[in-house]
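Participant: Below is one structure. I have some questions about it.
The values are calculated or read from the model by the stated rules, or taken from the named source; none is laboratory data. Predicted, not measured: the structure shown is a model, and the values here were computed from it. Quick reminder, even Gly has a Cβ in these numbers, built from the backbone with ideal geometry, and neighbours come from all protein chains shown.
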Amino acid sequence: MSSNRVIIVGAGPVGLVAAAYLAGEGIPVTVLEAQKDVAIDLRGSTFHPPTLDFLDRFGITSKLIEQGLIAPHWQFRDRKQGAVATFDLATLAGDTNHPYRLQCEQWKLTRLLRERLDANPDTSILYGLRALGVEQTADEAIVTAEREDGSIEKFAARYVIGTDGARSNIRKAIGVAFEGITHPELYLTLSTTFPFEDHIPELAKIAYISDPDEWLVLLRTPTLWRVLFPTDPKVADEVLLSPDLVEARLQAVVPSPRRYDIEHKTAYRVFERICDRYVSGRVILAGDAAHLNNPLGGMGMNGGIHDAMNLGEKLTQVWRGADPALLGRYERQRRKVAVETVQAQSVRNRQIMNTRDPAERQTYYDELKRTAADREKTRAYLLKSSMIQSLRDLEGVT
Ligand SMILES: Cc1cc2nc3c(=O)[nH]c(=O)nc-3n(C[C@H](O)[C@H](O)[C@H](O)COP(=O)(O)OP(=O)(O)OC[C@H]3O[C@@H](n4cnc5c(N)ncnc54)[C@H](O)[C@@H]3O)c2cc1C
C-alpha cells in the first residue's frame, strides 16, 4: 500500500467524518478500526444545528433526519416545581439551516458515513486492526497495528489522525499530557419505552431536571426515552444495574403500576480531560482522543465532528502544498473550543444540576426565565449552547 495517504485510526463518528472530508477532496485515506465492524452502541444521541449544517457537505443530513427525531425545544426543569424555562430553537432560524436539535443515535451517522466511504475506490476501512503505536520519520508516520490473531502489520502514511477514542493508543504513543479530573459520581443511563410525555406536564424531548438530592436528564430518541442519573461509585455495578434498583429509581421519577421495561442500561465514569497538544509532527488527534467531557449538553461527539471538519479543511491545504504550520492553527482553534466552550459549559451544566443551595438555585432559575422571555437573550444563549458561537469565535484565533 502506498504511503501517499492519510491513515485514520478509529472508525467512530469523528474518524469517519475526517475520512469523508479528505476523501471528498480526492485524498487517499485508510481507516484502521480495532473492532470487526463500526460500533452500534447507545452513546451520543443529540446533533446540534451546526453539526447538521456541516454534515450536509456529505449529503447525509436529510438521511439522518429521516432516521431521527426533531426536537424543536429543550427545557430546564425543577424536579419538584416542573418546567422552569423552555427554549425554542426556531429563534436560530437566521443562524443555521437546521434550527433544532436532532435526536438520533450516533451509530446511524457512522453507518451512513461508512456507506459513503465504501463507495470511494481511494478509501478503505480495515477492520480488526488495533493500532498499538506510531513512529515518525522526516517523511512519513508509521502505525503499528495488531490483528486479533496477534500478527503485527505496519502502515505508513504522510499523516496519521488519531481518532481512537478516550483510551487512544495514538495519544499515548506521542506522549502528550491528558490532564483533567474524573467526576466523583458514575453516570447511569437507562433506556425505556415508558411514555414519560404522558405523565410529566409540558415535557420537551430534551429535559435537564435539577434537584438538590438527585438531578436527572430525560432525552427522547426515536424509539425510547433515555434517563440519565448521577450514581454513587461505591455501589457495585451488579447492584447499581440490578432490576430492582433500576425499577425503584424510575418509579421515583414517575410512579407506574406496571414495571418499567428496560431496553438498555449502562453505568460509566465521566472525565473532563484535554490534551495539551493536538498536533505532533505528522500525527494529529481529534475527538475523544483529544478531549473528554461530561455528557450534559451533548457536546462530545458534536465537538469532535467540528474538530474533524476543521482539520479536514487544513490538512487538505497542507496536502496541496500549504505550510504544515497551518495544522498549529487547527490545534489552537479547536483546543480553545474544548477548554472555553465544551468543558466550561459541561462543567457549569453539572454544577447547576447539582447545586444544593436554594438561593443559588433560585437565582439561576430567575436568570433562565428572564433569558427565555427575551428573544435576543434567547438567541445569544442558544447560539452558545448549540455550539454556533464557538465556531464563529474561531476566526479570531490565529
Ligand atoms: C452515554 C453517553 C452519551 C453521550 N451522549 C452524547 C450526546 O448526546 N452528544 C454528543 O455530542 N456526545 C455524546 N457522548 C459522547 C460521544 O459518544 C463521544 O464524544 C463520541 O463517540 C466520540 O467520537 P470519537 O469518534 O472521537 O470516538 P469513539 O466514538 O470512541 O470512536 C473511537 C473508535 O476507535 C476505535 N478504536 C479504539 N482504539 C483503537 C485502536 N487502538 N486501534 C484502532 N481502532 C481503535 C473504537 O473501536 C471506535 O470505533 C456521549 C457519550 C456517552 C458515553
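Participant: Looking at LEU224, LEU218, LEU186 in this structure, which one is surrounded by 15 or more Cβ atoms within 10 Å (Cβ to Cβ), in contact (Cβ under 8 Å) with a residue 60 or more places away in the chain and farther than 28 Å from PRO28 by Cβ?
Facilitator: LEU186
Participant: Is it the case that some residue within region 338-355 is modelled with pLDDT under 95 and closer than 17 Å to ILE284 by Cβ?
Facilitator: Taking region 338-355 as the starting set, the residues that turn out to be modelled with pLDDT under 95 are 338-355.
Filter once more, keeping what is closer than 17 Å to ILE284 by Cβ: 338.
For region 338-355, residues modelled with pLDDT under 95 and closer than 17 Å to ILE284 by Cβ: present.
Participant: Please verify whether region 130-140 includes one or more residues that are farther than 23 Å from ASN4 by Cβ, more than 14 Å from the ligand (Cβ to nearest atom) and not in a loop (DSSP other than H, G, I, E, B).
Facilitator: no
Participant: Can you spot a residue in region 47-63 that is within 11 Å of the ligand (Cβ to nearest atom) and farther than 24 Å from PHE229 by Cα?
Facilitator: The answer is yes, given that some residue of region 47-63 is within 11 Å of the ligand (Cβ to nearest atom) and farther than 24 Å from PHE229 by Cα.
Participant: Would you check if ASP198 is of a type in the set (Asp, Glu), at pLDDT 95 or above and either within 14 Å of the ligand (Cβ to nearest atom) or out of contact with any His (no Cβ under 7 Å at 6 or more places or on another chain) (or both)? Give the steps one after another, and end with the answer.
Facilitator: Values: of a type in the set (Asp, Glu): yes; at pLDDT 95 or above: yes; either within 14 Å of the ligand (Cβ to nearest atom) or out of contact with any His (no Cβ under 7 Å at 6 or more places or on another chain) (or both): yes.
The answer is yes for ASP198.
Participant: What number of residues in region 160-173 are of a type outside the set (S, T, N, Q) and surrounded by 23 or more Cβ atoms within 10 Å (Cβ to Cβ)?
Facilitator: The qualifying residues number 6.
Participant: What are the residues in region 144-176 that are among the hydrophobic types (A, V, I, L, M, F, W, C), in contact with a Lys or Arg (Cβ under 8 Å, 6 or more places away or on another chain) and part of a loop (DSSP other than H, G, I, E, B), if any?
Facilitator: VAL176
Participant: Spot the failing condition for LEU32; the list is (1) of a type outside the set (Lys, Arg); (2) modelled with pLDDT of 95 or more; (3) near the ligand (Cβ under 9 Å from one of its atoms); (4) closer than 16 Å to ASP307 by Cβ, and only one is missed.
Facilitator: (4)
Participant: A further question follows. Just for region 103-125: of the residues that are in contact with a strand residue (DSSP E or B) (Cβ under 8 Å, 6 or more places away or on another chain) and over 30 Å from MET1 (Cα atoms), which one is surrounded by the most Cβ atoms within 10 Å (Cβ to Cβ)?
Facilitator: This residue is CYS104.
Participant: Looking at region 163-182, I want the residues that are near the ligand (Cβ under 10 Å from one of its atoms) and of a type in the set (Gly, Ala, Ser) and have a partner that is assigned to a helix (DSSP H, G or I) and modelled with pLDDT of 95 or more with Cβ atoms under 8 Å, at least 6 apart or on another chain. Which pairs are those?
Facilitator: Qualifying pairs under 8 Å: GLY165/GLY287; GLY165/ASP288; GLY165/ALA289; ALA166/ASP288; ALA166/ALA289; SER168/ASP288; SER168/ALA289.
Participant: Next question. Could you list all residues from region 280-305 that are surrounded by fewer than 23 Cβ atoms within 10 Å (Cβ to Cβ) and not in a loop (DSSP other than H, G, I, E, B)?
Facilitator: Listed by number, the list holds a single entry, SER280.
Participant: OK, next. Are there any helices (runs of 4 or more DSSP H) wholly within region 338-389 with 1 or more residues that are under 18 Å from GLU214 (Cα atoms), and if so which?
Facilitator: Answer list for region 338-389: 344-354, 358-373.
Participant: Take ALA372 and decide whether it is more than 30 Å from ASP41 (Cβ to Cβ), surrounded by 15 or more Cβ atoms within 10 Å (Cβ to Cβ) and over 23 Å from the mean Cα position of the chain (by Cα). Quick ask: steps written out before the conclusion?
Facilitator: On the way: more than 30 Å from ASP41 (Cβ to Cβ): yes; surrounded by 15 or more Cβ atoms within 10 Å (Cβ to Cβ): yes; over 23 Å from the mean Cα position of the chain (by Cα): yes.
When the stated conditions are applied, ALA372 passes them.
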